[in-house]
Each structure stands twice: as C-alpha cells, then as structure tokens.
Amino acid sequence: MSDFEAIYESYYDGVYKYVFSLCGNESTAEEITQEAFYRAMEHLDRFDGRCKLYVWLCQIAKNTFYSYAKKQKRAVSKGGMDYPELPGPGFEDGVFDKDAAWTLHKLLHRLREPYKEVFSLRVFGELSFSQIGELFGKTDSWARLIFYRAKKEIRRHLDGTL
C-alpha cells in the first residue's frame, strides 16, 4: 500500500462528512471528495506540515466545493439547470431524523459566517475545536466560542424568539 493510499484510507470518511455538511447531497459530496483527494495527491509535495494533514485535506475539499458551486451557479444562470440527485435508499435511516436534519439545515442557512461553517464543521464534519481553529487560523478557544454562539442562535430560532 502506498503512502497516499494509507492517507486516503485514513481520512476519506472524515473529509466526506465535511463535504457533505457543505453540500447536503451524497453523490455530490462523494464526487467532490474524490476530486479533493485527486488534487491532494497531485500536490502532496506542497504539504508543509504547518497544519494537520486532515485540516489540509479539508481545506482542499472546501476549495473544491466552492469551485463546484461557482460552476453550478454559472450553469444555472446560462439557462441550463442541473438538478441534484435525490439521496439514495436507506439515507433516511441515518443518524438524524430527516425532518429534524432539514429543519437544522434551514436554520444553518440563516446563520451568518463564521457561525454557519464552524457549526457545520463541528457537527457534520466531526472536527475538533483545535482543527476548526486551525482551519480559520484562530485558536481552539475561538472555535469553541463561535460554536457556542451558533448553538445559542439556533436555539433562539427553534424557540421562536428570533
């Protein structure tokens, strides 16, 4: 097994979950994750160790997602609509109740940055506060505070006080 295969095996699930938290679509998340690992493989020599490998991979995945989203937006504005695939069978048997997950995603959509991304990274991407802080170039305390504020805002929305 090559070094890159070991990296792929170790980090694929985590990177996939992170990408899924960004796009909310299984097939899109899989495609973007595959592309991100391809890009990482091409540029593995650029990894300088200033952050953890997992964080570096998530940064590549995030940039890949943003590139994908820009292309989709251009395709829609030119009149060509690319409808996302519906989640496959068994998806609703996941960790979250489908309705609760939908409500949460709608609330997340209303949050402003960086609250939205920090919350998604923590809950859906299962990143530690230190990893989130590293992604943003901040401390883990900053990530904890932003996550706490995001949860507080979501609770206010759920309680109907906002």
### Query
For the stretch 141-162, how many residues meet the condition of being part of a helix (DSSP H, G or I) and either among the polar types (S, T, N, Q) or touching a residue at least 40 places away in the same chain (Cβ under 8 Å) (or both)?
5
### Message
Looking only at the stretch 124-147, how many residues end up being touching a Leu at 6+ places or on another chain (Cβ under 8 Å) and at pLDDT below 85?
### Response
1
### Task
Might you let me know whether the stretch 60-71 holds any residue that is more than 17 Å from the chain's Cα centre (by Cα) and not assigned by TED's automatic domain parsing to the domain that holds I132?
yes
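The values are calculated or read from the model by the stated rules, or taken from the named source; none is laboratory data. Everything quoted here is computed from the prediction, not taken from an experiment. Counting neighbours? That spans all protein chains shown, and the Cβs are built from the backbone with ideal geometry, glycine included.
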